[in-house]
1. When only residues in segment 65-87 that are touching a Lys or Arg at 6+ places or on another chain (Cβ under 8 Å) and in a strand (DSSP E or B) count, which is nearest to residue 133 (Cα to Cα)?
2. If residue 60 satisfies all but one of (1) surrounded by fewer than 16 Cβ atoms within 10 Å (Cβ to Cβ); (2) within 18 Å of the chain's Cα centre (by Cα); (3) of a type outside the set (A, V, I, L, M, F, W, C), what's the number of the condition it fails?
3. Among the candidates 148, 159, 100, single out the residue that is in contact with a strand residue (DSSP E or B) (Cβ under 8 Å, 6 or more places away or on another chain) and within 16 Å of residue 59 (Cα to Cα).
4. Within segment 109-122, is even one residue charged (D, E, K, R) and closer than 30 Å to residue 6 by Cα?
5. Against the conditions (1) of a type in the set (Ser, Thr, Tyr); (2) part of a loop (DSSP other than H, G, I, E, B); (3) open to solvent by less than 70 Å² (accessible area, probe 1.4 Å), where does residue 22 fall short? Just the number, please.
6. If we keep just the residues of segment 1-14 that are more than 15 Å from residue 39 (Cβ to Cβ) and open to solvent by less than 60 Å² (accessible area, probe 1.4 Å), which is nearest to the chain's Cα centre (by Cα)?
7. Can you report the number of residues in segment 88-117 which are in a strand (DSSP E or B) and of a type outside the set (A, V, I, L, M, F, W, C)?
8. Could you count how many residues in segment 107-140 are over 17 Å from residue 56 (Cβ atoms), open to solvent by 40 Å² or more (accessible area, probe 1.4 Å) and not β-branched (Val, Ile, Thr)?
Amino acid sequence: MSEVKISAEPRTEFGKGGARRTRRAGKVPAVLYGHGEKPKHIALPAREFAAAIRKGGANQLFAIEVSDGTQVLALPKAIQRDPIKDTFEHVDLLLVRRGEKVTVEVPVQLTGEAAKDTLIVHDHDTLSVTADATKVPDHLEASIEGAEPGTTITAADVELPAGVELATDDSTAVASVTAAPTAEQLEATLPEVEEAAEEAEAEVGEETAEGAEGAPAAEGEEAPAEAKTEA
């Protein structure tokens, strides 16, 4: 993966208020750390950072030039996103050096098509690998071509680029191939699903009725006859 050059500015405002002001200015609050260095708080241009992550993935290598003259290589270690706005809230960046080995989580993509009438269950979407910091792959691939029901794709089946090593157990399940249910099986389970839905609906109705019975009369309404007698 090629590195992406990106500019940055030192950040002097901290806390939630400072972070909000940084984001309003079109920048992403970030911190650089690693190699025993004191953490350095910076702000990255939001558009450029987002574009790099979209293209290179969460393990994109950055060549960062800070306006104070600092020049470093770094990999994203933790990225916080706003789940609603889909914007970047904060980034932790790990300092790396050329030739240095790092351990990272890399997405796994399944290639090919399994046998007819099968379903694919994804057990792990990423695998932990060790690689040169400047040669971290953006994804790994595992073939499911022609896989029959009962087949399990493990980490050992994943294709590793040169210089990349597994950092997890090679027996870790990546995906499982199961037989797709037949039309008869789906029809047989339909009554059970409908019955469960009816029971759930009935329970909700009972709870609503119980709540209404115990609720006090609204202002301006007469209390039930029994309540008047007891009074």
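1. 73
2. If we test residue 60 against (1) surrounded by fewer than 16 Cβ atoms within 10 Å (Cβ to Cβ); (2) within 18 Å of the chain's Cα centre (by Cα); (3) of a type outside the set (A, V, I, L, M, F, W, C), just (1) comes out false.
3. So the residue among 148, 159, 100 that is in contact with a strand residue (DSSP E or B) (Cβ under 8 Å, 6 or more places away or on another chain) and within 16 Å of residue 59 (Cα to Cα) is 100.
4. No: zero hits.
5. (2)
6. Filtering first and then ranking leaves 4.
7. Summing the residues that are in a strand (DSSP E or B) and of a type outside the set (A, V, I, L, M, F, W, C) in segment 88-117 gives 9.
8. Adding up the residues that qualify gives 10.
The values are calculated or read from the model by the stated rules, or taken from the named source; none is laboratory data. Just so it is clear, the model here is predicted, and its values are computed rather than measured. Positions of Cβ are backbone-derived with ideal geometry, glycine not excepted, and every protein chain shown enters the neighbour counts. Protein only, heavy atoms only, side chains kept; ligands, DNA and RNA dropped before computing areas. Shrake-Rupley method; radii C 1.70, N 1.55, O 1.52, S 1.80 Å.
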